[in-house]
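Note sheet for the following structure.
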Amino acid sequence: MTKHAVFSFSLLLIFLFRCCTTAGAQAPDITKILEKPGRFTILLRLLKSTGIVSQLNGELQKSNTGFTLFAPPDKAFSDLRSGSINSLSDLQKVQLIQFHILATYVTMPNFQTLGNPVPTQAGDTSAGAFPLNVISSGNKVQISTGVVNATVGSVVYSDNDLVVYQVDKVLLPLAIFSDYEPDSVPLAESNPPVSAKVDKSAGVVSLPMHGMPVFLGIAVNIAALAL
């Protein structure tokens, strides 16, 4: 084999290696992630009908901080008061789903480094709006919205760009569900918010907010949800 042929073959190997590396580094697909366990059909339907799943998949392609998604299973939706979801406006459905998304990758140990209220993709964290308070003790992480107290459960999916945690309740924000009967013991009151601490080993200091726009013109058709 001539030197020219060897050189050409080497270039071909480098090209193939780069192609394989690029293909392997593709961003995760939220739809496939939630379809696989088979218990997130209602959440996935809402993600699709509000257009957020397409938005989030697009953001994952260019995000430097990643995302955290809290995923309530179908049982959590079925436990809601009848009509709780179908009675919402299109905008409120978008905000509800955005309330389950943090614009950074948060590992289980890093929940204790977050300062309350924790900003979500829904926006305003002031009282009566979209405050999300996280209470972390050891391996136990709980979330208070002012309406419900939820427990963070198992990791559904995790890579360097996205982590999906199952939660036992739908996270109902005050701005939308102010008339909903709240849980009896608000976690935020029993354990007051603390300032964010820096965990240099994990690199999470504060939560950015990616500007996920709210599309009021999105056609939302969730009448089929029996809630």
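The values are calculated or read from the model by the stated rules, or taken from the named source; none is laboratory data. On a predicted model such as this, the values are computed, not experimentally measured, just so you know. Every residue, glycine among them, receives a Cβ derived from its backbone with ideal geometry; neighbour counts consider all protein chains shown. These area figures cover heavy atoms from the full protein model, side chains too; ligands, DNA and RNA do not enter into them. Shrake-Rupley method; radii C 1.70, N 1.55, O 1.52, S 1.80 Å.
So is Val106 in contact (Cβ under 8 Å) with a residue 12 or more places away in the chain and assigned to a loop (DSSP other than H, G, I, E, B) or not? For Val106, the condition - in contact (Cβ under 8 Å) with a residue 12 or more places away in the chain and assigned to a loop (DSSP other than H, G, I, E, B) - is met. Just to be sure before I move on: is Leu69 of a type outside the set (D, E, K, R), in a helix (DSSP H, G or I) and crowded, with 17+ Cβ neighbours inside 10 Å in the structure I sent? Judged against the criteria, Leu69 is not a match.
When region 82-94 is limited to residues that are part of a helix (DSSP H, G or I) and open to solvent by less than 40 Å² (accessible area, probe 1.4 Å), the one that is nearest to Ile30 (Cα to Cα) turns out to be Val94.
Taking the criterion of being out of contact with any helix residue (DSSP H, G or I) (no Cβ under 7 Å at 6 or more places or on another chain) and closer than 18 Å to Ser154 by Cβ, the residues of region 125-140 that qualify are Ser137, Gly138, Asn139, Lys140.
Quick grid of which residues meet (1) at pLDDT 95 or above; (2) on the phi < 0 side of the Ramachandran plot; (3) charged (D, E, K, R):
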{"site": "Leu46", "(1), (2), (3)": "yes, yes, no"}
{"site": "Thr68", "(1), (2), (3)": "yes, yes, no"}
{"site": "Gln95", "(1), (2), (3)": "yes, yes, no"}
{"site": "Gln98", "(1), (2), (3)": "yes, yes, no"}
{"site": "Thr120", "(1), (2), (3)": "yes, yes, no"}
{"site": "Gly123", "(1), (2), (3)": "no, no, no"}
{"site": "Phe130", "(1), (2), (3)": "no, yes, no"}
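The residue list Pro213, Pro186, Pro182, Pro193 contains one member that is touching a Ser or Thr at 6+ places or on another chain (Cβ under 7 Å), open to solvent by 30 Å² or more (accessible area, probe 1.4 Å) and either among the hydroxyl-bearing types (Ser, Thr, Tyr) or at pLDDT below 80 (or both), which is Pro186. Checking Leu102, Leu96, Leu80 one by one, the residue that is in contact with a strand residue (DSSP E or B) (Cβ under 9 Å, 6 or more places away or on another chain) and either β-branched (Val, Ile, Thr) or under 23 Å from Ser178 (Cβ atoms) (or both) is Leu102 and no other. Scanning region 111-124 for residues that are in a loop (DSSP other than H, G, I, E, B) and under 20 Å from Ala71 (Cα atoms), we see that the one that is most open to solvent (accessible area, probe 1.4 Å) is Pro117.
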